[in-house]
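Engineer: Shown below is the structure under consideration.
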Amino acid sequence: MRWRGGRRSGNIEDRRGMAPVAGGIGVGGVVLALTGYFVFGISPQDTLSVVNSAGAPAQAVGERGIPDDEGGQFVDVIETSSADVWTQVFAERGQRYEPPAAVVLYDQATGTGCGSGQAAMGPFYCPADRKVYLDLSFWQELSGRFGAEGEAARAYVIAHEIGHHVQNLTGQMRRVDAMGRQGAESGAVRLELQADCYAGVWAARADEVSGGAVALGPDDIAQGLGAAAAVGDDTLQRQSRGRVVPDAFTHGSSEQRMRWFRVGAETGDPQACDTFSAGRL
């Protein structure tokens, strides 16, 4: 994957090495509406649900700008490339794209506008503060536990979370409750599959929009597909339960996640990503 010559906007808030400050968000009744996190070791019903948190850590204020390390710079380039792609997409519709407030890099746990964020959740997007949260140790989880190797697999994860930000801007998130938060045909699954498709849209357009500075070849798309397959509900359920329970799906099967990512990557058209109206997921 080509990315090192990509533009960097510095839309990174680096909280790594900062200890969470206790009690700033409130005790009890704190809602965690953490949309689109990769649920590893968390009950599936928590994916889009409201949960209580006692003594959630307050939001720290990290250093803003371009990180010094390569891992942080990679995230910066992918977020910036995504912003450039979605700026073009929105402009084609006569609209203005607003990037996420930041991509927050943190260690283990941090306060968010949605409550307490923890590394065990995997990367996630908080619609309340419009920030993406990422503990970079997740890359080891992605490759070691799930066998999704390579920079393109990591880029897919970031682009997926940016996809949730796009859904927040366009109002797609509000459609989830009307269609349910769990189950093979639920609104939650449709939301996640659309974010996968949006990640594919970024992959399709990154080369042209960046003037070749950020580009994914066929092997990179294959890496993205591999990551999508690795985090399918059926795959994760087989690993954790030994059986597949479609009624507990929150993100979609491996086949569905691959297929919708491929739709975006092959068309580059977000209009093709309307999973909420799709007869077949």
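Engineer: What distance in nm separates the two pseudo spin-label positions at PHE276 and GLU255, each 7 Å out from Cα along the beta-carbon direction?
Structural biologist: 2.7
Engineer: Here's something else I'd like to know. Tell me, LEU236, LEU191 in order of fewest to most beta-carbon neighbours within 10 Å?
Structural biologist: Ordered from fewest to most neighbouring Cβ atoms within 10 Å, LEU236, LEU191 come out as LEU236, LEU191.
Engineer: Can you give the extra length, in nm with one decimal, that the chain gains between ARG4 and ASP177 once fully stretched, where that is 0.36 nm per residue apart less the Cα-Cα distance?
Structural biologist: Extending this stretch completely gives an extra 58.3 nm.
Engineer: So how much slack lies between GLN108 and ALA222, counting 0.36 nm per residue of separation and subtracting their Cα-Cα distance, in nm?
Structural biologist: This chain segment gains 38.1 nm when fully extended.
Engineer: With each run of n ≥ 4 DSSP H residues scored as -39500 (n - 2.57), what mean residue ellipticity at 222 nm is computed for the chain after dividing by its residue count and rounding to the nearest 500 deg cm²/dmol?
Structural biologist: -12500 deg cm²/dmol
Engineer: Give the order of VAL75, VAL189, VAL245, VAL89 when sorted by the count of other beta carbons within 10 angstrom, beginning with the fewest.
Structural biologist: With the fewest neighbours first, VAL75, VAL189, VAL245, VAL89 line up as VAL245, VAL89, VAL75, VAL189.
Engineer: Quick one: if you stick a label point 7 Å off each Cα along the C-beta vector at ASP247 and ARG96, how many nm between them?
Structural biologist: 4.9
Engineer: Using r as the Cβ-Cβ distance of THR267 and GLN140, and R0 as 35 Å, what FRET efficiency do you calculate, to the nearest 0.05?
Structural biologist: Here the calculated transfer efficiency is 0.60.
Engineer: Only counting other Cβ atoms within 10 Å, I'd like PHE261, PHE249, PHE74 sorted with the fewest neighbours first.
Structural biologist: Lowest count first: PHE74, PHE249, PHE261.
Engineer: If you don't mind, there's one more thing I want to ask. Which net charge results for the neighbourhood of ALA230, defined as the other residues with beta-carbon distances under 11 angstrom from its beta-carbon, given Lys and Arg at +1 and Asp and Glu at -1?
Structural biologist: Charge balance near ALA230 sits at 0.
Bear in mind these aren't lab numbers, they're just calculated from the coordinates by the rules spelled out. Remember, predicted model here, so these are calculated numbers, not experimental data. Glycine also receives a Cβ, built like all others from the backbone with ideal geometry; neighbour counts cover every protein chain displayed.
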